[in-house]
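Participant: There's a structure below that I have some questions on.
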Amino acid sequence: MKNFSISPNGYNQSEVNKFVDVVIERIEKLVKDNNNLIKERENLTKEIEILKNKTKDATEMENKLNKAIIAVQETSDRMKELARRESALIIEDAKRNANAIIHEALVEAEKTELAVNMIRKNIKVYKNRVTSLLQSQLEIADELDKIEI
């Protein structure tokens, strides 16, 4: 607390005026500091609001990205399943084609074997005929030796 000197008409006016000036300066400084704090608080409030909006936007974006990731995963799973099914169909078709080719080859082999057996039989028959013909020719030749001329 400030003590003032006393003069004939009361307190010393210049001391009181100086003190009042100091108090006014301090109050003005406090008001100015308070105004600055209010402005800073308003700025911080605005910044908080902006950050809240950014957070909200980021959360919405995160939700959209999560949904997109889920959709991509589902699509990937469907594509894998389709590829598995298609590969199974291709393998099944290849097995059928292989079986048909094997069947055709077996039929062709049987035909070839029959043809070979027929040729062998024909060669045997021809050989027997030629042998028979040659034997009859030899017999004729032997009989020629017996004929007296």
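Participant: Could you work out how much longer the chain between residue 76 and residue 55 gets when fully extended? Use 0.36 nm per residue separation minus the Cα distance between them, nm to one decimal.
Facilitator: Values: separation 21, 0.36 × 21 = 7.56 nm, distance 3.06 nm.
Contour length minus the Cα-Cα distance gives 4.5 nm.
Participant: Here is a follow-up. If you build a Gaussian network model of the chain, linking Cα atoms that sit under 10 Å apart, which residue out of 62, 28, 47 swings the most?
Facilitator: 28
Participant: Cut-off under 30 Å on the C-alpha distance; same-chain residues fewer than 8 positions from residue 64 excluded. Which lysines are left, in chain and number order?
Facilitator: In chain and number order, the partners are 46, 52, 54, 56, 80.
Participant: Still on this structure, please answer the following. Among 52, 127, 67, which one shows the highest mean-square fluctuation when the chain is modelled as a Gaussian network with alpha-carbon springs under 10 Å?
Facilitator: Comparing 52, 127, 67 in the GNM, the peak value goes to 127.
Participant: Report which label in [x] 17.7, 56; [y] 61.3, 206; [z] 15.9, 56 holds the value of Rg and Dmax of the Cα atoms in Å derived from the coordinates of this structure.
Facilitator: For Rg and Dmax of the Cα atoms in Å, the calculated option is [y].
Participant: With the chain treated as a Gaussian network of Cα nodes joined by springs under 10 Å, which of 12, 53, 63 yields the largest mean-square fluctuation?
Facilitator: Result: 12 has the largest fluctuation of those listed.
Participant: Also, quick follow-up: Could you point to the residue in 24, 9, 66 farthest towards the positive end of the chain's charge dipole, with +1 and -1 charges on the Cβ of Lys/Arg and Asp/Glu respectively?
Facilitator: Among 24, 9, 66, the one farthest towards the positive end of the dipole of the chain is 9.
Participant: Quick one: if you stick a label point 7 Å off each Cα along the C-beta vector at residue 115 and residue 63, how many nm between them?
Facilitator: Going from the residue 115 label point to the residue 63 one covers 7.8 nm.
Participant: Next question. Around residue 55, under 14 Å between beta carbons, what's the net of Lys plus Arg minus Asp minus Glu among the other residues? Write out the running numbers ahead of the final one.
Facilitator: Values: positive: 52, 54, 56; negative: 47, 49, 57, 60, 62.
Around residue 55, the surrounding residues sum to -2.
Participant: For labels at residue 145 and residue 44 in the simple 7 Å Cα→Cβ model, what's the distance in nm?
Facilitator: It is 14.4 nm.
Bear in mind that the values in this text are calculations on the coordinates, not laboratory data. For clarity, every value in this text was computed on a predicted model and none was experimentally measured. Neighbour counts are summed over all protein chains in view; Cβ atoms, including those assigned to glycine, are modelled from backbone coordinates with ideal geometry.
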